[in-house]
Amino acid sequence: MRHSKNILFVLLVIYAVQLRAQKDSAIVLDEVILSDAKLLHFSNGKRITVLSDSILQRNNASLTDLLKYNSTIYFKEYGYGMTSTVSFRGTNSSQTAVIWNGINVNSQLTGQTDFNTIMPQNFGSVVVRSGGGGVQYGSGAVGGTIHLKDKFSFQNHFNTNVGLSYGSYNTKRYNYNASKGSKNTYASIGADYIVSDNDYKYLGTDRKNENGNFENISIRANGGYLLNKFNLIKFYHTTFVGDRNFSGTLTAPSDDTYKVLNSRNLVEWSNFNTHRITRLKFAYLFEKYNYFPNKNRSEFSFGNTKNFIINYDYKYSFDAITLNGILEFNTVKAEGESIQEAKRDQFSGTLLFLHTLNNGFSYGVNLRKEIVSDYKSPFLISVDGKYKISSDYTINLNVSKNYRIPTFNDLYWIGAGARGNKDVLPESSWQAEIGQTLESKKFTLGTTVYYIISNDLISWRPDDKGIWRAINIKDVTNYGLEATFEFTHNWSNSSLKWNNQYAFVRSVDNETKKQLIYVPKHNVTSGIGYQYKKWEVYKQLLFTSSIYTTTDNSEKLSGYVVANLGVNRSFNLKNAINCVASIQINNLFNKNYQNVAYRPMPNRNFTLKLIFKL
Amino acid sequence: MKIKQALLSAFAFVILFTSCNNDDSPKLPLGDYENGILVSNEGPFGNGTGTISFISKDSSVVHNTIYKLENAEDLGNIVQSIGFDESRAYIVANNSQKISIVNRYTFKKLGAVTEGLANPRYFVVANGKGYVTNWGDTADSTDDYVAIINLETYQLDGKISVVLGPERIVVKGNKVYVAHKGAYGQNNVISVINTDTDTVEKTITVGDVPNSMLFDASGSLWVLAGGKPSYTKDETKGVLTKINTSSNTVDATFEFATTEHPKHLSLGNNELYYALGSGVYKMALSGDALPTTAHLSDVSFYTMTVSEGKLYGTDAKDYASKGDLNIYDLTTKKKTKTLSVGIIPGGIYFN
């Protein structure tokens with residue numbers, strides 16, 4: 001019965017979109033070259049923050065560095081450059097999804113993304129979408145989603161970009177990007193390499209960060225070919241190879257080494273005309289880790305997953321209505337030291353509906369249902385609305401149900417003293433938010449309040465035999481407020497940009513009424529940049545209030561302010577080569593701080609950079 | 001100059017004078033932490049530090065983090081256990097590969113063993129030397145050892161190579177007995193080490209995964225083995241073994257059912273206590289069969305021990321917040337006290 005109901009829903013989705021299929025005419029190229037069009041059309045009730053190129057240039061060694069100073073997401077870093085997980089709107093680290101060109105790439109093993117395994121400069125843009133996105137993006141899109149998007153351009157061009165940098169702790173970084181385009185072809189490649197001893201001083205002690213050295217490489221290749229006025233084929237590829245030792249703590253040394261390989265591939269064929277776009281996507285994602293508990297020995301544990309996705313996406317627009325139906329088949333295989341061969345098949349149907357009225361009001365209704373081979377998946381829904389009351393004032397609101405599926409570890413782990421639990425349920429959450437934006441030529445002021453109720457959060461606890469198992473144990477309520485203020489002013493040969501974000505977060509365990517661990521109540525980021533002719537000076541500031549490190553709130557880490565200061569000078573060299581030389585001082589105030597207890601962050605340090613644009 | 005010197009001596013005099021006054025009491029206490037219970041708290045898993053809690057004998061006073069209080073430093077990660085001699089306590093932190101040595105009554109630091117340990121577990125003093133069980137590298141099942149510590153210098157004096165997974169260690173005369181629980185795997189032997197020669201004299205086979213052991217008044221060694229857990233796909237039963245320590249041979253064995261995995265063997269008033277499932281069972285030393293009904297039911301402890309008619313059991317709660325020490329009266333079977341201690345309370349000791 002249950003299955004036939006699900007199938008009926010999926011068939012309805014297909015029927016609903018096919019119904020309005022009509023004939024074609026002109027090109028909507030701008031849209032089909034977007035890798036993640038849902039972000040544009042079906043994020044009505046959401047706050048979307050696009051991180052500009054100039055910001056990407058500043059903190060670009062890792063996605064952690066970038067977002068730490070340019071959003072109010074809290075990062076738990078197990079030492080600089082080490083594993084890095086997030087808390088977005090007070091949710092847990094499996095409740096933020098990373099979306100690569102429209103595809104959810106959170107690890108199938110852990111349900112999370114390690115934000116130090118993504119080098120953002122290798123992507124065209126990074127977008128932060130606050131709030132639930134389960135219907136559009138699947139599991140883990142609860143607190144918010146982070147979008148990595150590659151750009152395509154079908155215009156005649158040939159650009160090359162070479163970056164060289166050297167910094168404290170013998171940190172060297174080289175990156176290369178090139179793209180070439182014509183009227184109907186586009187190709188782009190990029191490579192980014194960083195190596196660091198990462199042996200920073202632990203402030204207030206006579207010790208250094210031991211065993212923290214790392215070496216990462218990220219490569220990228222994209223291509224597009226416009227077959228004719230109605231057909232486009234695109235190809236995306238990215239590979240990350242990371243070789244990191246895991247640093248010790250203030251109280252314990254470490255000998256660990258962790259090696260990861262992530263490879264992501266996507267082929268997308270679009271057939272389109274003025275009213276409709278059909279996309280067919282094939283994606284193959286591969287992730288693998290080898291963990292060496294002692295780097296001087298040969299023993300290691302491993303895990304890998306292979307994920308194959310077929311996605312059919314049909315979007316139709318008529319008058320003021322946009323309708324988008326998506327069918328997806330997703331099959332994942334996992335194996336590893338502690339996971340016997342495990343497999344999951346997932347079939348999902350999604351229907352997105354958007355209605356834009358003349359008076360500045362638009363609303364959307366979005367639905368998703370999945371049939372999954374190894375757990376029961378809830379029906380997801382989101383309803384959103386946006387009302388542009390005047391040219392400078394907009395109100396938006398959103399209500400959604402989202403979820404986080406049990407990971408392969410949660411379900412299938414078998415190891416000494418720990419076992420997965422095949423009866424574990426997906427975490428589910430309801431959330432509502434309302435926001436307003438006041439915009440003028442010079443400034444933008446935005447505020448959002450939200451409320452999230454999450455049920456059945458998965459935790460590992462020992463059972464009565466002392467075996468650690470995954471169970472649905474906790475219910476959590478999050479609420480908070482976010483405010484952003486942006487100010488831009490341009491003079492004849494200078495300009496000023498000032499971005500500020502503030503978040504107030506309460507994330508409360510319903511049973512104990514205590515704030516969850518590693519969720520600061522207050523978080524502020526502020527960036528200011530002033531450009532005068534060929535000079536630019538900028539400062540970034542991060543304030544995090546104290547965080548609890550025990551669930552009974554008996555212990556906490558103190559809050560901190562960390563700032564970075566940078567100066568750039570651009571030069572025009574021969575043959576139209578542009579060069580930007582920069583120096584950045586990180587942790588300007590030499591603040592001794594930790595965002596994970598007993599794992600100090602770096603002292604004051606320097607980065608020198610040269611970027612050549614050809 | 002003269003004035004300065006005069007002031008200094010006056011100052012010194014005042015200090016001496018006040019100190020004398022303070023030391024005026026008829027019987028000198030050995031320290032703030034005499035006469036009470038010490039609880040070792042493992043501390044959060046992964047990072048952070050373990051702590052020691054002190055509870056006064058009448059359990060009216062609880063001091064948490066006493067090591068840090070006295071020494072302004074952390075003990076290290078995963079405080080596994082404490083070993084004692086007459087005046088000293090030896091606190092073993094396994095991830096930190098460190099043993100901190102303090103005066104057991106003042107908790108002032110005397111020194112530390114920081115070299116030569118590899119996943120240290122438990123510590124005893126025998127024959128004027130310290131003996132520490134070490135797992136070695138957990139990936140290597142053949143490098144396990146018992147480290148010998150010089151108690152004058154706190155340096156490693158040698159290593160005795162032993163079979164996989166040495167855990168609990170107890171002393172009788174010039175012999176130490178090491179229970180091989182099996183580290184991340186499983187093992188089923190007791191090593192007998194002669195402390196005159198520092199060699200393994202004998203190994204005695206007991207049940208799988210020996211987790212606790214003690215001597216009774218007659219000198220017999222009782223070893224409780226939990227059996228292999230079900231996830232090993234080779235589940236075995238728990239076994240209680242009585243060992244004659246004159247001949248180092250097995251005197252008696254008591255077998256549990258295959259799915260029963262007992263732990264936390266304790267001795268009080270000539271009766272053995274252990275935890276099984278959600279109950280605590282009691283068996284007379286002279287008993288000839290395992291008890292079938294629980295003495296206390298619906299209880300579950302992270303660790304437990306009995307002393308003077310009371311049962312002390314800890315609750316680690318969610319393993320990320322302060323745990324509790326619960327005290328039960330073994331006669332009335334009622335909980336008489338709950339005290340908040342540190343994160344993951346894993347050891348209970350009487351000072």
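The values are calculated or read from the model by the stated rules, or taken from the named source; none is laboratory data. Values in this document were obtained by computation on a predicted structure and should not be read as measured data. All Cβ positions, even for glycine, are placed from backbone atoms using ideal geometry, and neighbour counts span all protein chains on display.
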Practice task
Evaluate segment A:164-175: report whether one residue or more is at positive phi and without any contact (Cβ under 8 Å) to a residue 40 or more places away in the chain.
Solution key: yes
Problem - Within segment A:559-581, considering residues that are over 27 Å from the mean Cα position of the chain (by Cα) and of a type in the set (S, T, N, Q), the one nearest to residue B:45 (Cα to Cα) - result: A:568
Exercise for the section: Kindly indicate whether any position in segment B:14-35 is surrounded by 22 or more Cβ atoms within 10 Å (Cβ to Cβ) and at pLDDT 80 or above. Expected result: yes
Fill in the blank from the handout: Residue hits (segment A:537-563; farther than 12 Å from residue A:594 by Cβ and assigned to a strand (DSSP E or B)) are A:537, A:538, A:539, A:540, A:541, A:542, A:543, A:548, A:561, A:563
Problem - Test for residue B:189: is it within 27 Å of residue B:118 (Cβ to Cβ) and more than 14 Å from chain A (Cβ to nearest Cβ) - result: yes
Completion exercise
residue A:285 meets each of (1) farther than 27 Å from residue A:32 by Cβ; (2) under 21 Å from the mean Cα position of the chain (by Cα); (3) buried (at least 18 other Cβ atoms within 10 Å of the Cβ) with one exception, condition (1)
Exercise for the section: Please go through segment A:300-351 and pick out each residue that is among the basic types (Lys, Arg) and crowded, with 20+ Cβ neighbours inside 10 Å. Expected result: A:315, A:344
Exercise for the section: Output the residues belonging to segment A:423-472 that are more than 14 Å from chain B (Cβ to nearest Cβ), in contact (Cβ under 8 Å) with a residue 12 or more places away in the chain and not in a strand (DSSP E or B). Expected result: A:424, A:425, A:426, A:440, A:442
Exercise for the section: Identify the residue in segment A:573-588 that is in contact with a Phe, Trp or Tyr (Cβ under 9 Å, 6 or more places away or on another chain) and in a strand (DSSP E or B) and, among all such residues, is farthest from residue A:560 (Cα to Cα). Expected result: A:578
Exercise for the section: Please state which of the following conditions residue A:298 fails to meet, knowing it meets all the rest: (1) in contact with a Gly (Cβ under 9 Å, 6 or more places away or on another chain); (2) over 30 Å from residue A:482 (Cα atoms); (3) small (Gly, Ala, Ser). Expected result: (1)
Completion exercise
Inside segment A:486-527, the number of residues satisfying the requirement of being of a type in the set (Lys, Arg) and part of a loop (DSSP other than H, G, I, E, B) is 3
Handout entry: Flag if residue A:222 is polar (S, T, N, Q), touching a Gly at 6+ places or on another chain (Cβ under 6 Å) and either away from chain B (no Cβ under 14 Å) or part of a strand (DSSP E or B) (or both)
Key = no
Fill in the blank from the handout: Condition set farther than 17 Å from residue B:41 by Cβ and polar (S, T, N, Q), scope segment B:89-136, selection farthest from the other protein chains (Cβ to nearest Cβ): answer is B:127
Fill in the blank from the handout: Inside segment A:540-558, the number of residues satisfying the requirement of being crowded, with 19+ Cβ neighbours inside 10 Å, of a type in the set (A, V, I, L, M, F, W, C) and within 24 Å of the chain's Cα centre (by Cα) is 2
Problem - Count of segment B:223-238 residues which are within 13 Å of chain A (Cβ to nearest Cβ), assigned to a loop (DSSP other than H, G, I, E, B) and over 17 Å from residue B:273 (Cα atoms) - result: 5
Exercise for the section: Mind telling me which of the residues A:165, A:153, A:179 ends up being assigned to a loop (DSSP other than H, G, I, E, B) and either touching a Lys or Arg at 6+ places or on another chain (Cβ under 9 Å) or modelled with pLDDT under 95 (or both)? Expected result: A:153
Exercise for the section: Evaluate the following for residue A:403: is it away from chain B (no Cβ under 14 Å), buried (at least 19 other Cβ atoms within 10 Å of the Cβ), of a type outside the set (S, T, N, Q) and closer than 29 Å to residue A:340 by Cα? Expected result: yes
Practice task
Among the candidates B:147, B:126, single out the residue that is closer than 19 Å to residue B:195 by Cα, buried (at least 18 other Cβ atoms within 10 Å of the Cβ) and in contact with a Pro (Cβ under 8 Å, 6 or more places away or on another chain).
Solution key: B:147
Handout entry: Filter pass, residue B:242 being in a loop (DSSP other than H, G, I, E, B), under 26 Å from residue B:303 (Cα atoms) and at pLDDT 95 or above
Key = no
Practice task
Give the residue that is nearest to the other protein chains (Cβ to nearest Cβ), with candidates limited to residues of segment A:234-259 that are outside any strand (DSSP E or B) and surrounded by fewer than 19 Cβ atoms within 10 Å (Cβ to Cβ).
Solution key: A:253
Completion exercise
Here the residues within segment B:319-351 that are more than 14 Å from every other protein chain (Cβ to nearest Cβ), of a type in the set (Lys, Arg) and in contact with a Ser or Thr (Cβ under 6 Å, 6 or more places away or on another chain) are B:337
Fill in the blank from the handout: The residue from B:225, B:217 that alone is hydrophobic (A, V, I, L, M, F, W, C) and farther than 12 Å from residue B:179 by Cβ is B:217
Practice task
Find the residue count for segment A:122-148, including only residues that are among the aromatic types (Phe, Trp, Tyr) and part of a loop (DSSP other than H, G, I, E, B).
Solution key: 1
Completion exercise
Quick count over segment A:182-212, residues being of a type in the set (Ser, Thr, Tyr), crowded, with 16+ Cβ neighbours inside 10 Å and not in a strand (DSSP E or B), is 2
Practice task
With the condition kept exactly as written, say whether any residue in segment A:56-78 is farther than 26 Å from residue A:481 by Cα, under 15 Å from the mean Cα position of the chain (by Cα), part of a loop (DSSP other than H, G, I, E, B) and not aliphatic (A, V, I, L, M).
Solution key: yes
Handout entry: Any chance residue A:572 is at positive phi, out of contact with any Ser or Thr (no Cβ under 6 Å at 6 or more places or on another chain) and either within 14 Å of chain B (Cβ to nearest Cβ) or surrounded by fewer than 19 Cβ atoms within 10 Å (Cβ to Cβ) (or both)
Key = no
Exercise for the section: Would you confirm whether any residue within segment A:527-542 is under 30 Å from residue A:472 (Cα atoms), without any contact (Cβ under 8 Å) to a residue 40 or more places away in the chain and of a type in the set (D, E, K, R)? Expected result: no
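Every residue, every condition in (1) in contact with a helix residue (DSSP H, G or I) (Cβ under 8 Å, 6 or more places away or on another chain); (2) charged (D, E, K, R); (3) surrounded by 16 or more Cβ atoms within 10 Å (Cβ to Cβ), yes or no:
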{"position": "B:174", "(1), (2), (3)": "no, no, no"}
{"position": "B:211", "(1), (2), (3)": "no, no, yes"}
{"position": "B:217", "(1), (2), (3)": "no, no, no"}
{"position": "B:245", "(1), (2), (3)": "no, no, yes"}
{"position": "B:251", "(1), (2), (3)": "no, yes, no"}
